[in-house]
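Asks: Pasting a structure here, questions to come.
Laboratory data are not the source of any read-out in this text; all were calculated from the coordinates shown. Note that the structure is predicted; figures quoted are calculated from it, not measured. FYI the Cβ positions are ideal-geometry reconstructions off the backbone, even for glycines, and counts take in every protein chain you see.
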Amino acid sequence: MTTNRIYILMVCSAMFWSGAFIAGKYSVPYIPTFTLTFLRFFIAVIILYFVMKRQKETYQFEIGHLPVYLFTGLVGMFGYHVLFFTALKSTTAINSSIIAAANPMVTVLMAFLFLKQKLKIKQLAGILLSFSGVLLTITGADLSLLKDFSFNKGDLWMLGAVSAWAAYSVFSKSKGKEIPSLAMTFYSFVVCTAALIPFVLYEKPWTFLLSVPLSAYGAVIYMSIFPSVIGYLVQQMAIKEIGPGKTSIFINLVPVFSILLAVMLLGEVLQPVKLLTAALIILGVFICQRDSIDN
């Protein structure tokens, strides 16, 4: 496959991931958090199972890898998505996507703290820029809120989600090297789906599922297929073809597309300060990514 075609596919993947913020924001008023997360992953597990069959995945499940799957499934999938959907109940798709854009910075910081990876001056500068953008996002550029620690709780939930995903990224990189990425994703999805069952039963889905509009189910199916499966498969293909450094650049498009889609489809208001905060975060991430791109 040509490099240009890979670039086009990665732009499409970035748009798919952006759509998850829109679809999530649209569906949270209709479906409670745990049920929504369960539906997304239940569908994704079925699709990924057939993908693995088609690709004739040679990896066999090993009981010794179960602790890895438990962590990645409970923290990376269960933890991130429950916090993500909880955040969307009380913050905008714009805010959540801008905060999520800082994920690479949180990952670098966690790798420094827990894996003792070296932190270069350039990376530190990128982290400071990105966190400045996050701070401006959750305060709405009103820094007096810091004094009273008065933040939108949805933004704080999203920060928690970003931290969970960063922990998943660092852990899977250090402990899951022997596991193929497709198998890691599939079994993490399975653990997440199974762990959600008691929480879903607590929400009594039989009392509301019939009243959920078809459009909300459409949003769930979208999240299951496009961000969770197609976006992931394209990303893995791009990593093989153009390398992880260049592939990671396209993640910077996610907040850009999310902002545009939130304004067009959800009618959210784009405040000028949000453009500044998104630019600060993306610039910080890009500065950190320069080394991996060059290499």
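Asks: Test of understanding: ordering Ile63, Ile282 by Cβ neighbours within 10 Å, fewest first, what list do you get?
Replies: Sorted ascending by nearby Cβ count, the order is Ile63, Ile282.
Asks: Something else now. Output wanted: per-residue J couplings in Hz (rounded whole) for the stretch 23-34, from phi through Karplus 6.51 cos²θ - 1.76 cosθ + 1.60, θ = phi - 60°, x for Gly and Pro.
Replies: Running phi through 6.51 cos²θ - 1.76 cosθ + 1.60 with θ = phi - 60° gives 5, x, 4, 5, 8, 5, x, 9, 10, x, 3, 5 Hz.
Asks: Sticking with this one: Find the Rg to Rh ratio for the stretch 135-263, where Rh is the Kirkwood radius over alpha-carbon pairs and Rg uses the same atoms.
Replies: 1.01
Asks: Give a residue-ordered list of calculated ³J(HN,Hα) values for the stretch 60-68 (Karplus: 6.51 cos²θ - 1.76 cosθ + 1.60, θ = phi - 60°; whole Hz; x for Gly, Pro).
Replies: So the J values, rounded to whole Hz, are 10, 4, 10, 4, x, 8, 4, x, 5.
Asks: Let me ask something else. So how much slack lies between Tyr49 and Ser132, counting 0.36 nm per residue of separation and subtracting their Cα-Cα distance, in nm?
Replies: Between Tyr49 and Ser132, full extension yields 25.8 nm more.
Asks: Could you tell me which label, among (1) 146; (2) 156; (3) 137, carries the value of volume of the Cα convex hull per residue in Å³ calculated for this structure?
Replies: (1)
Asks: Under a 10 Å cutoff between Cα atoms, tell me which one of Leu88, Leu276, Leu113 has the largest fluctuation in the Gaussian network model of the chain.
Replies: Leu113
Asks: List Met264, Met184 from most exposed to least, where exposure is judged by having the fewest other Cβ atoms within 10 Å.
Replies: Met264, Met184
Asks: Over the stretch 3-294, what is the mean sequence separation of C-alpha contacts under 8 Å (at least six apart), divided by residue count, expressed as relative contact order in percent?
Replies: Relative contact order for the stretch 3-294 comes out at 43 percent.
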